[in-house]
Amino acid sequence: MNKIYRVIDANLNRLREGLRVVEDIKRYVFDDKQTAYAIKAIRHKCKIDQKEFIKYRDSLSDVLKQSTKSEQKRENLDAIIIANFKRAQESARVLEECFKLFDTKNSELFKSIRYELYELEKQI
């Protein structure tokens, strides 16, 4: 299970990071309180106890930690928002699938988060 825990740890971080990027742009650049608050509420749903998973983190040995060319450049703020929505949605899907192995409650949580993100992305 420790390799799955590593996947979970990475995707919990990736999900929250992607949400934070979108939240901060909507909050500080666009002064969009409603959307920023909605994203913050979703981000707070992701606060599950990570201490069991963090033990298996191995950032130094990550075989894909170097950025790809497409990750190094963004055309504008919309591109940043889209990229980070996709990052969050994909991470929610990974978490949904991994938690199916041992925690269906969390699997359903991340499935619901993923669908909330689909709707919020559509509204934006």
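Between 15, 101, 60, find the one with the highest GNM mean-square fluctuation for the chain; connect C-alpha pairs within less than 10 Å. Greatest mean-square fluctuation among the candidates belongs to 60. The label-point distance for residue 104 and residue 56, in a model that sets each label 7 Å from Cα toward Cβ, rounds to 2.1 nm. Restricting region 1-108 to chymotrypsin sites (Phe, Trp or Tyr not before Pro) that sit in a DSSP loop and have at most 12 other Cβ atoms within 10 Å of their own Cβ leaves 102.
Placing a pseudo-label 7 Å from each Cα along the Cα-to-Cβ vector at residue 74 and residue 31 gives an inter-label distance of 2.1 nm.
Counting only protein heavy atoms and a probe of 1.4 Å, the accessible surface of the chain is 51% carbon and sulfur. Rolling a 1.4 Å probe across the protein heavy atoms gives the chain an accessible surface of 66 Å² per residue. Working value for the chain: equivalent-ellipsoid semi-axes of 25, 19, 12 Å, each the square root of 5 times a Cα gyration tensor eigenvalue, largest first. Dividing the helix sum by the residues of the chain, where each DSSP H run of 4 or more adds -39500 (n - 2.57), gives a mean residue ellipticity at 222 nm of -23000 deg cm²/dmol. Across the chain, the longest run free of exposed loop sites, meaning trypsin sites (Lys or Arg not before Pro) lying outside DSSP classes H, G, I, E and B with no more than 10 other Cβ atoms within 10 Å, spans 74-124. Phi angles across region 31-42 convert, under the Karplus curve 6.51 cos²θ - 1.76 cosθ + 1.60 with θ = phi - 60°, into 3J(HN,Hα) values of 6, 9, 4, 4, 5, 4, 5, 4, 5, 4, 4, 5 Hz, Gly and Pro given as x.
The values are calculated or read from the model by the stated rules, or taken from the named source; none is laboratory data. Because the structure is a prediction, the values reported are computed rather than measured. Neighbour counts are summed over all protein chains in view; Cβ atoms, including those assigned to glycine, are modelled from backbone coordinates with ideal geometry. Heads up: the accessible areas ignore ligands, DNA and RNA and are worked out on the full protein's heavy atoms, side chains in. Shrake-Rupley method; radii C 1.70, N 1.55, O 1.52, S 1.80 Å.
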